[in-house]
Structures are given as C-alpha cells and as structure tokens.
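Asker: What follows is a single structure, and I will ask about it in a moment.
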Amino acid sequence: MEKEVGNGCSSLAYKLLFSCPFGLSQPQLSAVFDESYDRIPHSDSNLENSISQIWDQRVQKNGSLFNGKKFRYGGYSQKSGDGSKKESYVCLHLGLTDYRTFVGTNLNPSWEKFLVASEDDPTQCRHTSSPLGNGAIVETSDQKIVLLQRSNNVGEFPGHFVFPGGHPEPQEVGIETHEYCKCSKDSELVNKKVSQEMFESIIREVVEEIGVPATSLGLEC
C-alpha cells in the first residue's frame, strides 16, 4: 500500500489526517484563511510551465472545464476541550488556489516531482494546489446509501462512482483574492464566514447533485 515516489518521499495510497468518529459540530470547527497557506511555486521553471501546458491541453479536449477559485488545504491544528467529554476542536489552515493549478499539479503526470521530502504533510505538498474538497454519505429513509456516477465530461475521474460532494467555494463568502481580508477586523469576519462555508457547502452539493430539498435532509456532523 505504500510506495516510493521519485524524490525519495514515501507516499501512501491515502492517508487519514484526522479521525473524529462522532463528527464535529460547527462550534468545534474553525478556519484561518491566510496567504501564508497558499501554494509555493516550484523552483523548476519547466515544472511550473507544465501547469499551463496541461491545462491548455485539457481545455482543448474539454471546453466545459472552468477555472474557478478554491480553498487550498494548508494543514490543521487540533486541541481538546476542557470538561468530561474532552471534545476535539479543529482549525483548518486555508489558502487560495484554483482548479487550473489543481489540474496542473495534483493531476499532473509528473505530480511526484512537485512533492518535497518531508514527514510533514503541508511541507511535503507545499508546491501542489491541494484544493479542499468535501463529501457526504447520504442514507435514505429505507437505509440505502446514495452513490453517483460522474459524467464523462469532467476533468477528473470521469465515469467513476462517488459520494455526493465537491468543494467549499471562496466566491460564496465573497473571496476572490487575499485583499479582502487584510485588516484584522476583516480577517476575523472572513474566518467566521469560511468556517460556516465548510458546513453550508456540503448541503448545497447534496441538494444540487441528488435533487433532494435541504428541508428533507436530516443532518449528522
């Protein structure tokens, strides 16, 4: 299950970053949106240029691809609350990226070259887009689990079966650049909105993708 990638990093097929069997309520999840969590360009100019080349090739084959802004996952911090329940509190560290850079780094045939040899995930992936995604397990009233088959006209994993999901969207909270939250007062407000978007976005995805009204959903975090 573990393989060696080209630069000497050891990479699992997947890695569970954080386990919370009972879920996280909105008060238990926060976010810090800051440009310090943005992607760092790679020093190899040929590798950087391949991002545009791969995107242009994809768009030529599929004109429906759209380069939208995405939150970039830059790590997280965790602490345990006081009291008998010992609840976990998680803070997501988020920067800004876009779909084009995701296609050109994370989906690049040479994606291993973007990685840095490190045991620290944010450091290892500092040159990749790493957009934050979301997903939901939807159980029907007769105890069936909903799966969707992706269109053949998408940029990643066409035709695959997946859970409903997508991405929290920066535009939904008015974010296009980091200029929006330069002062500390604005930054605090933005972080609150971003935290709320983590929960609201998955509801939107479920409603849009399976056509069930939000009022019909029983939510469990």
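Asker: Across the chain, how many lysine pairs, 8 or more positions apart or on different chains, have C-alpha atoms separated by under 21 Å? Please give the number.
Answerer: 14
Asker: Can I ask one more? State the extension gain, in nm to one decimal, for the chain segment bounded by Q26 and V116, taking 0.36 nm per residue of separation less the distance between their alpha-carbons.
Answerer: That pair, Q26 and V116, stretches by 29.1 nm at full extension.
Asker: Label points 7 Å out from Cα along the Cβ direction at S151 and S19: separation in nm?
Answerer: Reported label-point gap for S151 and S19 is 3.8 nm.
Asker: Next question, about the same structure. Roughly how many nanometres apart are two label points built 7 Å out from the Cα toward the Cβ at A214 and E87?
Answerer: The two pseudo-label positions are separated by 2.2 nm.
Asker: Who wins for biggest fluctuation among N46, N191, N134 in a Gaussian network model of the chain, springs between alpha carbons below 10 Å?
Answerer: Maximum fluctuation in the GNM of the chain, among the listed residues, is at N46.
Asker: Let me ask something else. Just C91, C125, C20 to compare: in a GNM of the chain, with alpha carbon springs under 10 Å, which one fluctuates most?
Answerer: It is C20.
Asker: Select from K15, K61, K79 the residue whose mean-square fluctuation is largest in a Gaussian network model of the chain (Cα-Cα springs shorter than 10 Å).
Answerer: K15
Asker: With charges set only on the Cβ (+1 for Lys and Arg, -1 for Asp and Glu), what does the dipole of the stretch 26-214 come to about its Cα centre, in debye to the nearest 20?
Answerer: Charge dipole of the stretch 26-214: 120 debye, to the nearest 20.
Asker: Using the heavy atoms of the protein chains and a 1.4 angstrom probe, tell me the accessible area per residue for the chain in square angstrom.
Answerer: Heavy-atom accessible area per residue stands at 61 Å².
Asker: Taking every DSSP beta bridge with both residues inside the chain, roughly what % is antiparallel (nearest 5)?
Answerer: 80
Asker: So, one more: Given R₀ = 35 Å, what would the calculated FRET efficiency be for E172 paired with S36, taking r from the Cβ atoms and rounding to 0.05?
Answerer: 0.95
Asker: Something else about it: Explain nothing, just the number: dipole magnitude of the stretch 135-221 about its Cα centre with +1 on each Lys and Arg Cβ and -1 on each Asp and Glu Cβ, in debye rounded to the nearest 20.
Answerer: 60
Asker: Which percent of the accessible area of the stretch 26-214 is formed by carbon and sulfur heavy atoms (probe 1.4 angstrom)?
Answerer: Ligands and nucleic acids excluded, carbon and sulfur reach 49 percent.
The values are calculated or read from the model by the stated rules, or taken from the named source; none is laboratory data. Computed from a predicted model, the values in this text were never measured in an experiment. Counting neighbours? That spans all protein chains shown, and the Cβs are built from the backbone with ideal geometry, glycine included. Note: areas computed on protein heavy atoms with side chains; ligands, DNA, RNA excluded. Shrake-Rupley method; radii C 1.70, N 1.55, O 1.52, S 1.80 Å.
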